[in-house]
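Right, one structure below, let's go through it.
Each value in this text was obtained by applying a stated rule to the coordinates, not by laboratory testing. Source: prediction; values computed, not measured. Here the Cβ is made from the backbone with ideal geometry for all residues, glycine too, and neighbour counts use every protein chain on show.
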Amino acid sequence: MAIEKRYEGKEQYYTLVCDRCGDEVGYFDDFQEAVDEKRRYGFRSFNIDGIWEDVCADCQDTVQYKRGTATAADDFGGLI
Ligand SMILES: [Zn+2]
């Protein structure tokens, strides 16, 4: 679960972190808000060999491609 707690001076907040590329998006006051907003930011959870990874929109194509579930791999061929 790549929702991480961050500190900014005295403030604390939560952010979404992609388990693939490490990109951070969002700024949430509490953990539950981050969970609720995850989908809105394009993040999805994948169970990869028994480990849950949160993956940003940019990385989802590579995950699906590796798992052999992509049907449009050719469409993304230039990006991989
Ligand atoms: Zn990513």
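Below is a table of values for the structure above.
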item	result
Val25-Ile48 FRET efficiency (beta carbon distance; Förster radius 25 Å; 0.05 resolution)	0.75
Cα-projected label distance for Glu33 with Glu4, points at 7 Å along beta-carbon direction, nm	2.0
Chain lengthening between Thr15 and Tyr41 when straightened (0.36 nm per residue, less Cα-Cα)	8.3 nm
The stretch 3-73 - percent relative contact order, Cα under 8 Å, separation 6 or more	23
